[in-house]
Structures are given as C-alpha cells and as structure tokens.
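One structure is given below, encoded as structure tokens.
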Amino acid sequence: MKKWDRIWLAGVLVLALLGFWHLGDVRAGAAECGDTWLIGWYFLLFAAVLGTGAVFGWLFLERCFWEKKRKRTWKLEEIYPVAGLFLGLLYLFVLPPLSAPDEISHYISAYQLSGRLMGLPSNSRDGHVLVRAQDWFLEDVGEDYIWGYEDGYRVKEGTKDGSGKATVLGEPLVEKTYRLIHDTFRDGQKNRQEQGYAVSPYPPVVTTPAAYLPQAAGICLARILGLSSLWLAYLGRLGNLLFFVAVTWLAMKRMPFGKEVLFGVALLPMTLHLSASFSYDVWIMAGIFYFTALCLDLAFEAEQVKAADVAALGLVMALVGPCKMVYAVFMGLCLLIPVRKFGGWGKWALSAGVVFGAWAIVMVLINGQTVAMYVAPETEHYIGWAQETGYSLGMLVHQPRKWIQLFFNTAVWQAEQYHLTMIGAYLGNLDPVLDVPYVLVMALTGLLLCLAFKKPGEPLFLTGGKQLWIWTLCFGCVTATMLSMLLAWTPVDSPVISGVQGRYFLPFLPVFLMSLKNDMLVLTRDKTRGILYTMCCVDAYVILRIYSVVSMRL
C-alpha cells in the first residue's frame, strides 16, 4: 500500500471510529428529550463527514484521473473552492442562523440593505429596521414579545416576563434550537404568515453597506421567492459563504507563494464558522486576504505596477476600512513593492495617495462622527454593557502608566484566550460549550506552523527588513485593535482590555505565518497535502462533535 493511501485510509477510519463514539451521545440526548429524528440527522451528518475524508483524500493525495499520463496533482487553488464550500456548508447547518458572534446585528444590517435594494420600506421613523412581520420569529423564537402597532407597523411594546428581552434563534444553541428548526421545516411557519412589516428592536451596524451585499443578495432572493424566515436566514448566510470562498480563491490564485498557508488559515474552525454566518468579518477577512495576495504579487512576481493594480488596492481598502479601521495599518504592506515597479518616486507617491485617499474619504463619509468622538481628548465614554464610565483619549494621554499597565496585563492574562478563540474555541456566540477540544487547537496550531516552515528547495522571499516590516504591521494591527476596544468597550475599573477576540487576528494571520519561514527550520519532505488533508478531517470531526454536544444540551 502506498504512503498516501495509508494516510487516506487512516483519515476515513479515524472519522468513522469517532463518529460511532459520538453516536452514543446523540442517542442519549434523543432518548432524554424524545426527539428520535436527531439520530437520523446525525447519520446524514456522519455520511457527509465520511464523504469529507474520502473525497478530500482523493483530491489532496491522488492524481487527476483525466491526466494520469501527465501525473499532475490537483492544484491547491483547484481544491480550495470544494473544501471551503463543502466544509462551510457543514458549519452553516450544524451551527444555525444567528448563533455566530454578534450575528443578530449583522443579520439586521443585511436585512436593511435588502429592503433598500428591492425598493421596499427598510426603516421606521426612529431608524430601526423593518422586517417582514413573519420574520420577527427569528428574533423571538419563544414568542416573548408583546406587540402593538405604530404607523401601521408592528412594534414591540414589552415582554411577557418584563425583562425586555427575547430569545434569538441560536442564542443559546441548545437541542430546542434543532427541534424548532426541524418542526418549522416539517410543518411550515404556521401562524407566522402575517402580512406587512414589523420593527426590529435590534439596531443595524453603522458601517459601509457594501459589507452586507452578499448576505443581502441571499435575503433578496428569499423575499422575491416568498420563502419562509428560516430559508431567508439560510440563503443570507449562503451568500456570505459563496462570497468568502470566491474571494479567498482569487487571493490564492494571485499569491506568488504561501498558498498553502492561506489554505490552512481558511480551514480553521473559527474561519469556517464565520464564513458561513452573517458576520461582516467575512468581508474583512476576504478583503485583507486579497489585499495581501495583491501586494505580494506586485512585490515579488509582477514586472510593473499598473494603474488597475493601484485602483484595486485603493478599492479594497475603501471597502474594508469602514468595517474596522484598525486594519488600515495593513496599507503598509504596499511598501514591500519596489519603487522602480511604479516607474519612479513621482508615480509611487501618486499611487500611495490614491490608496490612502480612497480609505480616508470613505472613513470620513461613513465613520466620521464615530472617529471624532473617540479622538476627542476630553470626551467621556459610557460603556453600556458594563453600565460604567469608560476611557477617553485624554485620560490615556494624561495617565500613560495606566494604559501601559492595561496593555501588559492583557498580553499576559489574555494571550491564551486570544489563541483559543482564533483557532476555534468558543464557537457560536462565544459559547464555552461549543468549543474545539484543546488538544485539537494545539494540533491545528502545529499544523499551521508546519505549513509555514520552509520546504526542501523552496526560495525565501520574506527575509531581513521585509520580515521585520511584516511583524511591525501585525504588531500595529494588534495594538490598534486593543486600543480601539480600550476606548469603546473597557470600563475604567477593568484590569484588562475587554472585548478583544482572537478572530480579529485572522485577517493578517496568513502573512504573519509566511514571514516565519526561515533557513533554520526546514522540513525534510514537503508534507503540505497531508497536512491540509488532516486539517479537513479535523474540521469534519469538530462539526460532528458539536452536533452531539448540542443534542445533549437540553
């Protein structure tokens, strides 16, 4: 038996054994709650997981069946669209709509854009988003709201228990969520076919509407076809997944090196979970991935920088910038491109002005008021979630020791949390139960590092000053992220900076890993395909395990 065949067989057998192990958990949960259909759903998922091991084993480890004479293996950019879409769909269905971090806010923002695109009413007088009356079900699965009417729209007047809150689909993600989805698809949305519009109590995110175009396209399709709320939510998520896979594929094709590293980051459980949600993190990650690929291509592959390349760099920064301005630091990646490729310092300066100017103009138009509020030296902030006073820029300027201590404490105490949440711990809406086991987090970390190591005979591109510059940019992004959350999310009595999550580091993780390549740590053999295949199997197991955990979460 060939070496690759043994790896292939091992992957399928391990998935089969683990699948049968977790079957006992699903049966226990089904027996306790009486929902025996959970077992049937599990077998469908189990079959898909085994298919993952079989199909991806063939794609990564075997030759193209129509080109055996040439002995050409599948290119990574040929495999990625299949892997990204298939694994993303598994995460999309097992972690249902509105269960991702802050997904309800992103869903409402995409819904607002869909109304505007269709020329339909999208906002009430107070600025809240109008949804189809039947779709309030997604925001109130327990029917806790007391509804009235205002201006012809259904509005929330209170809640039955007086708490003012209602249960959103997928928050928390428990067995009842699966039961609700199962019963809704089986019976239809009975008694939820109200006509007209309802005012969502959730405010939209203030950012560029472009960040919600993929999700809004899916919602528009559902509204045009008159589909139910669940189909609307799933199609919105699917639009985001298709966008992420498409742009990441384009980035992978454009990269002159490091394709395997980008592939590995795109296979992390957290990346897959976000890619199959309504989150605008998808827009940011895909945009920064493509921006990175474009800069590396122009720096090390292209003979000269064309006007179209400068326009593309400026467009990406203009589209990504308003979502999280901290990634503006990454415009510095353009400095890797030699001046001679622009045709001299004059054209270089003009190109730099175009890229920076595109970002700055959009930032002023969309986030001008927010930026002004945070940079005002004496502005006092109020942190709503903590009901306490927050930091202002003036406080930090006059108390440098205070913010240095905060940064130090955060780096020491929160580094492990950032690592875990970057790889895949606390999936769902930061749910500690829906995690990737620690041993798998460390395994995925090790596999990513192996992808970053130099292969036999591989040339080094990012060395010396280029390597140091990339580390500086990544450190700048981390620092800017922490500073933004210090001002926007941290109460004054907190010993650490609140609100920073590991997923914020995913956009620049590929280029950081690429910069670690050196002549001291060199693989004796190129294990890229086996590593990526192993990561696919880990992803498949993770989603199988999460389903079993939710099935027992009564």
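Throughout, read-outs are computed from the coordinates displayed, never taken from laboratory work. Since the model is a prediction, treat every value here as computed from it, not as a measurement. FYI the Cβ positions are ideal-geometry reconstructions off the backbone, even for glycines, and counts take in every protein chain you see.
At 0.36 nm per residue, minus the direct Cα-Cα distance, what do Ile39 and Glu416 gain on full extension? Give it in nm, one decimal, please. If you can, show how the numbers build up before the last one.
Working: separation 377, 0.36 × 377 = 135.72 nm, distance 3.57 nm.
My answer for the length gained is 132.2 nm.
For the range 301-347, what size does the Cα cloud have along each of its three principal axes, sorted from largest down, in whole Å?
32, 22, 18
Mind ordering 496-503, 31-38 by average Cβ neighbours within 10 Å, highest first?
Working: 496-503: 20.4, 31-38: 14.5.
Going by the mean number of other Cβ atoms within 10 Å, highest first, we get 496-503, 31-38.
May I ask you to compute the full-extension gain from Met520 to Trp471, defined as 0.36 nm times their residue separation minus their alpha-carbon distance, rounded to one decimal in nm?
Length gained, Met520 through Trp471: 15.8 nm.
How high is the relative contact order of the range 1-58, given as a whole-number percent (alpha carbon pairs under 8 Å, six or more residues apart)? Intermediate results must be reported in sequence, preceding the final value.
Details: 26 pairs, mean separation 27.1, N = 58.
It comes to 47 percent, rounded to a whole number.
Which net charge results for the neighbourhood of Trp348, defined as the other residues with beta-carbon distances under 15 angstrom from its beta-carbon, given Lys and Arg at +1 and Asp and Glu at -1?
Local net charge: +3.
Could you sort the peptides 78-88, 345-355 by per-residue average Cβ neighbour count (10 Å cutoff), highest mean leading? Mind showing how you got there, number by number?
Working: 78-88: 20.6, 345-355: 15.6.
Result, highest mean first: 78-88, 345-355.
Where does each of 529-539, 114-124, 46-56, 291-301 land if you order them by average Cβ count within 10 Å, highest first?
On the way: 529-539: 23.2, 114-124: 15.9, 46-56: 19.3, 291-301: 21.5.
Final packing ranking: 529-539, 291-301, 46-56, 114-124.
Per q in 0.13, 0.20, 0.31 Å⁻¹, report the Debye log10 I(q)/I(0) for the range 510-554, using one uniform scatterer on each alpha carbon and no solvent.
Values, matching the q order: -0.53, -0.80, -1.04.
Could I have the simple spin-label model distance between Thr463 and Lys306, label points 7 Å from Cα toward Cβ, reported in nm to one decimal?
With each label point 7 Å from Cα toward Cβ, the separation is 3.1 nm.
Residues with beta-carbon under 14 Å from that of Phe508, excluding Phe508: net charge, scoring Lys, Arg +1 and Asp, Glu -1? Don't skip to the answer; put the middle values down first.
On the way: positive: Lys324, Arg503; negative: Asp281.
So the surrounding residues net to +1.
log₁₀ I(q)/I(0) of the range 35-148 at q = 0.17, 0.23 Å⁻¹, via Debye over equal Cα point scatterers, no solvent, to two decimals?
Listed by q, the Debye log ratios stand at -0.97, -1.27.
Mean projection of the alpha-carbon convex hull of the range 212-286 over all orientations, in nm²?
Details: hull surface 19.8 nm².
That works out to 4.9 nm², a quarter of the Cα hull's surface.
Given C-alpha coordinates of the chain, what is the ratio Rg to Rh with the Kirkwood estimate of Rh?
Details: Rg = 24.4 Å, Rh = 25.1 Å.
Here the Rg-to-Rh quotient is 0.97.
Report, in order of residue number, the helices in the chain meeting two criteria: a C-alpha extent of 15 Å or more along the helix axis, and a mean Kyte-Doolittle hydropathy of at least 1.6; treat each whole DSSP H run as one helix.
On the way: long enough: 3-33 (45 Å, 0.75); 37-61 (36 Å, 1.84); 76-94 (26 Å, 1.64); 103-117 (21 Å, -0.11); 175-187 (18 Å, -1.40); 213-225 (18 Å, 1.41); 229-254 (38 Å, 1.00); 281-300 (28 Å, 1.62); 307-320 (20 Å, 2.21); 345-375 (36 Å, 1.27); 400-423 (33 Å, -0.14); 438-452 (21 Å, 2.45); 464-489 (37 Å, 1.10); 528-552 (37 Å, 1.15).
Helices meeting the span and hydropathy rule in the chain are 37-61, 76-94, 281-300, 307-320, 438-452.
Provide the FRET efficiency to the nearest 0.05 for the Thr389-Lys165 pair, computing r from the beta carbons and using R0 = 35 Å.
On the way: r = 24 Å, r/R0 = 0.69.
The formula returns an efficiency of 0.90 here.
Return the long-range amide H neighbours of Glu194 (sequence gap of 5 or more, or a different chain), with a cut-off of under 5 Å between placed amide H atoms.
Amide H to amide H, under 5 Å and 5 or more residues apart or across chains, Glu194 pairs with Gln134.
Two decimals is fine: what is log10 I(q)/I(0) at q = 0.12, 0.13 Å⁻¹ for the range 415-552, from a Debye sum with one equal scatterer on every Cα and no solvent?
Debye intensities relative to I(0), on a log10 scale: -0.63, -0.72.
Suppose R0 equals 60 Å; then what is the FRET efficiency for Glu150 and Phe20 from their Cβ-Cβ distance, rounded to the nearest 0.05? Mind dumping the intermediate values first?
Working: r = 55 Å, r/R0 = 0.92.
Calculated transfer efficiency: 0.60.
Summing Lys, Arg as +1 and Asp, Glu as -1, what charge do residues with Cβ under 13 Å from the Cβ of Ala216 carry, Ala216 excluded? Before the final figure, lay out each step's value.
Numbers: positive: Arg116, Arg223, Arg237; negative: none.
It works out to a net charge of +3.
Between the range 459-519 and the range 294-349, what's the alpha-carbon centroid distance in Å?
20
Do you know the relative contact order of the range 401-554, to the nearest whole percent, from alpha carbon pairs under 8 angstrom that are 6+ apart?
The normalised contact order for the range 401-554 reaches 34 percent.
Mean separation of Cα pairs under 8 Å and 6+ residues apart, divided by the residue count of the chain: what relative contact order is that in percent?
Relative contact order of the chain: 20 percent.
Roughly what % antiparallel, to the nearest 5, for the DSSP beta bridges in the chain?
Around 90 percent of the beta bridges assigned by DSSP in the chain are antiparallel ones.
How about Lys306: which aspartates and glutamates have a C-alpha closer than 17 Å to its C-alpha, ignoring those fewer than 8 places off in the same chain?
Qualifying aspartates and glutamates at Cα under 17 Å: Asp297.
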